[in-house]
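Student: One structure, pasted below without further comment.
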Amino acid sequence: MSGVNVAIEIDIAKCDGYASCILLAPEVFDFDETRNIAVVKASLPEQLDLTEIDEAIRNCPRRAITRV
Ligand code: SF4
């Protein structure tokens, strides 16, 4: 459950803004209304729920999310 040293990225060229990632991991992803895409929040909680994040990655229809 802890998310130390986790980097999450969204390929904005792929993102279609459907926002399922935001529904699945609202503490991590936000919606950029100007560009109509999802973004990774600038400030993330210290305890990241990696299960939630991986669920968002799996369910991204554009395969736009990666984490390392
Ligand atoms: S689920 Fe994927 S395509 Fe949809 S908004 Fe999130 S990053 Fe973009």
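Student: For segment 1-11, which residues satisfy the criterion of being closer than 17 Å to Arg63 by Cα and open to solvent by 90 Å² or more (accessible area, probe 1.4 Å)? Walk me through how you get there before you give the answer.
Tutor: Taking segment 1-11 as the starting set, the residues that turn out to be closer than 17 Å to Arg63 by Cα are 7-11.
Passing the criteria: only Glu9.
Student: With respect to Ala19, determine if the residue is within 9 Å of the ligand (Cβ to nearest atom), at positive phi, open to solvent by less than 40 Å² (accessible area, probe 1.4 Å) and without any contact (Cβ under 8 Å) to a residue 60 or more places away in the chain. Before you say what the answer is, go through the steps one by one.
Tutor: On the way: within 9 Å of the ligand (Cβ to nearest atom): yes; at positive phi: yes; open to solvent by less than 40 Å² (accessible area, probe 1.4 Å): yes; without any contact (Cβ under 8 Å) to a residue 60 or more places away in the chain: yes.
Taking the combined requirement at face value, the residue satisfies it.
Student: Identify, by number, the condition in (1) out of contact with any Cys (no Cβ under 9 Å at 6 or more places or on another chain); (2) free of Cβ contacts under 8 Å to residues at least 40 places away in the same chain; (3) within 15 Å of Arg62 (Cβ to Cβ) that Glu27 doesn't meet.
Tutor: (3)
Student: Quick one: is Ala42 away from the ligand (no atom under 12 Å from the Cβ), of a type outside the set (Ser, Thr, Tyr) and either at positive phi or open to solvent by 70 Å² or more (accessible area, probe 1.4 Å) (or both)? Please lay out each step first, then the result.
Tutor: Working: away from the ligand (no atom under 12 Å from the Cβ): yes; of a type outside the set (Ser, Thr, Tyr): yes; either at positive phi or open to solvent by 70 Å² or more (accessible area, probe 1.4 Å) (or both): yes.
So Ala42 passes the test.
Student: Still on this structure, please answer the following. Restricting the search to segment 47-68, which residues are loosely packed, with under 12 Cβ neighbours inside 10 Å and among the β-branched types (Val, Ile, Thr)? Don't jump to the end; show me each part of the working.
Tutor: First, pick out the residues of segment 47-68 that are loosely packed, with under 12 Cβ neighbours inside 10 Å: 47, 51, 58, 61, 63, 68.
Matches in segment 47-68: Thr51, Val68.
Student: How about segment 15-53: which of its residues are basic (Lys, Arg) and within 13 Å of the chain's Cα centre (by Cα)? Before you say what the answer is, go through the steps one by one.
Tutor: Restricting attention to segment 15-53, the residues satisfying the condition of being basic (Lys, Arg) are 35, 41.
Correct list: Lys41 only.
The values are calculated or read from the model by the stated rules, or taken from the named source; none is laboratory data. Computed from a prediction, not measured in an experiment: that's the story for all the values here. Positions of Cβ are generated from backbone atoms using ideal geometry, with glycine treated the same way; all protein chains shown enter the neighbour counts. Only protein heavy atoms, including side chains, enter the accessible area calculation; ligands, DNA and RNA are left aside. Shrake-Rupley method; radii C 1.70, N 1.55, O 1.52, S 1.80 Å.
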